[in-house]
Amino acid sequence: DRMLLKSRWACSSRFSTRFSHDEVRVRFAPSPTGELHLGGLRTALYNYLFARHHKGKFIVRIEDTDRTRLVEGSADRIRNILSYYNLKSDEDPWQGGSAGPYTQSERLPMYADHAEQLIDRGHAYRCFCSSKRLELLRKNAVREGTIPLYDRRCRSVSTDEGRKRAKNGEEHVIRFVMDNQEVGFEDAVFGSMKQRLEESDPVLLKSEGFPTYHLANIVDDKTMRISDVIRGMEWLSSTGKHILLYKAFGWSPPRFVHLPLITRDGKKKLSKRDKDAFVDYYDKEMGVLPQAVLNFLIRNGSGIRDFDLSKLYTLQEMVEQFDVQLIGRRNFQLDADSLSQYGNAAFQSASDRELIDLIRQRVLIDLPTTSIDLSDEYLKRVIDFLKEKEETFAFLSQLTKGQYTFFFTRPNSAEKILSKFSADVAIQAIDRVLESGSWNIDALKGVAKSLEMNYPKLLSLLRLSLIDGTSGPPITELRDFFGEKECTDRIRQMRSHLQVA
């Protein structure tokens, strides 16, 4: 019963008032193997909310023991992302802390020492089987249609003999003694879990001295005094093995909170080939404001008390109303409409200073040759226009790659006009507007009448001349924003394009 489970956790967990808030320590432990996945940002967010709500510590640990997949600069990029989303850590590789180092490759002696402890306790042993022999075992299993498993040959090697052979320089790994068994544990989201473990003596420490994920993860969480492990559901299947490792060391495990998968449709897990699976897509490509992305990530199974889909929560409001027991099991689904809704709400609520800085940075990157004024005054006018006139504006990329590029570019070709008008007709219409010397409605209607041209057709021509698009703000709003001088300059420039087309 879900409610009974929640009640049991409330009575026996660290949420109880009998425990000090100082005991809460959680960690975000990404691998620096490329761009940060959207699920990674969500994991960091939930760890941050949990820590801040319980006045605990939010720790960042870099898990770089998979040396073959390291990407240079990835760790610093992760740091920058956390800073961009205001997820400030209390301890990490850059500022240090009492439980460091916080990069796994700097903790190798600790893993070796703990592996030796397991050997001494009879829970691990040195394995001297060559890679050639292990490959033969794998091929035989495939040939026989069975699951490739290690045959535990080196379990018979005594501890003393193993130490002697290792001292003599014989290459080896350290394996965990793990027989087939069922392991049970509690998870804050998925409840009471039982797992059947059938793996045969997994490797804990590799021959080059680097730990596997499982040993490093357990040792680090214990020595860093992690009270609650909040991570993605993909690690749920490894938790039974972790429970056995805790037991082998004689340690009490932390509490586990596994977050549901991020999917495209509620079923299909995001592929690493999908660009929207990564945080960079929302930041660099789309220009979604940080507050919008964070709200987007908590909307499914929020963990927020009295969660309101129509509300844009600040990070502090998320912290205050966070309750881990309210995280649902339903898989998170990407939804473009929800992202646009939050993007628009975040833009409307953002400060001018924040938007000015972000817009200027984006324009300089995406449109480095722009000749448009990027002063605070001009950018403030752009922001005011969008907030007052464009109710659906949601993403900063729309300013440099979408329908609002006209704020920072001028039409540089007559191609679109020539697909709808002849050059002679377009030039004649522009000349009449220039002769009239006015951009008010009556004057433009007079121009259309003198040309025997349908008025909306004239407006379409002028819109293409001003912003290179057939849709967008009304001509009168463009006139008010740019001013008549800029409008006149733009249509003169279009006239020049028409003459040489």
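A few remarks follow.
- The one condition from (1) open to solvent by less than 30 Å² (accessible area, probe 1.4 Å); (2) modelled with pLDDT of 95 or more; (3) more than 30 Å from residue 38 (Cα to Cα); (4) not charged (D, E, K, R) that residue 172 does not meet is (1).
- Residues (in a helix (DSSP H, G or I) and buried (at least 16 other Cβ atoms within 10 Å of the Cβ)) located in segment 462-487: 462, 463, 464, 465, 466, 467, 475, 478, 479, 481, 482, 487
- All positions within segment 384-404 that are surrounded by 19 or more Cβ atoms within 10 Å (Cβ to Cβ) and within 28 Å of residue 427 (Cα to Cα): 404
- For first residues located in segment 403-422 and more than 19 Å from residue 392 (Cα to Cα), partners that are of a type in the set (Asp, Glu) and open to solvent by 10 Å² or more (accessible area, probe 1.4 Å) and lie 6+ apart or on another chain with Cβ distances below 6 Å form the pairs 411/468.
- Considering the conditions (1) outside any helix (DSSP H, G or I); (2) modelled with pLDDT under 95; (3) among the polar types (S, T, N, Q), residue 237 is excluded by exactly one of them, (1).
- Taking every residue in segment 288-314 that is free of Cβ contacts under 8 Å to residues at least 60 places away in the same chain and aliphatic (A, V, I, L, M) and pairing it with any residue that is in a loop (DSSP other than H, G, I, E, B) and open to solvent by less than 60 Å² (accessible area, probe 1.4 Å), at least 6 positions away or on another chain, the pairs with Cβ-Cβ distances below 8 Å are 304/313; 304/323; 309/299.
- Residue match in segment 336-345 (condition: free of Cβ contacts under 8 Å to residues at least 40 places away in the same chain and either assigned to a loop (DSSP other than H, G, I, E, B) or aromatic (Phe, Trp, Tyr) (or both)): no
- Candidate set from segment 186-204 (those that are under 30 Å from residue 302 (Cβ atoms) and part of a strand (DSSP E or B)); member that is most open to solvent (accessible area, probe 1.4 Å): 194
- Single unsatisfied condition, residue 431 versus (1) farther than 30 Å from residue 362 by Cβ; (2) open to solvent by 60 Å² or more (accessible area, probe 1.4 Å); (3) charged (D, E, K, R); (4) in contact with a helix residue (DSSP H, G or I) (Cβ under 8 Å, 6 or more places away or on another chain): (2)
- Residues (open to solvent by 10 Å² or more (accessible area, probe 1.4 Å) and part of a loop (DSSP other than H, G, I, E, B)) located in segment 255-297: 261, 264, 265, 266, 267, 268, 270, 271, 272, 273, 274, 286
- Long-range neighbours under 7 Å by Cβ, at least six apart or interchain, first residue closer than 14 Å to residue 390 by Cβ within segment 472-483, second outside any helix (DSSP H, G or I) and modelled with pLDDT under 95: 472/403
- Residue under evaluation residue 85, criteria (1) touching a Pro at 6+ places or on another chain (Cβ under 6 Å); (2) modelled with pLDDT under 95, criterion not met: (2)
- Close pairs from segment 430-450: first closer than 14 Å to residue 489 by Cα, partner open to solvent by 50 Å² or more (accessible area, probe 1.4 Å) and acidic (Asp, Glu), Cβ under 9 Å, at least 6 apart: 437/484; 438/484; 439/484
- Inter-residue pairs, beta-carbon under 8 Å, first at positive phi and in segment 145-172, second hydroxyl-bearing (Ser, Thr, Tyr), 6+ apart: 152/200
- Those helices (runs of 4 or more DSSP H) lying entirely in segment 34-150 with at least 1 residues open to solvent by less than 50 Å² (accessible area, probe 1.4 Å) and touching a strand residue (DSSP E or B) at 6+ places or on another chain (Cβ under 8 Å): 38-53, 74-84, 108-120
The values are calculated or read from the model by the stated rules, or taken from the named source; none is laboratory data. The model shown is predicted, which means the values in this text are computed figures rather than measured ones. Positions of Cβ are backbone-derived with ideal geometry, glycine not excepted, and every protein chain shown enters the neighbour counts. When the accessible area is computed, the model is the full protein with side chains, heavy atoms only, and any ligands, DNA or RNA have been set aside. Shrake-Rupley method; radii C 1.70, N 1.55, O 1.52, S 1.80 Å.
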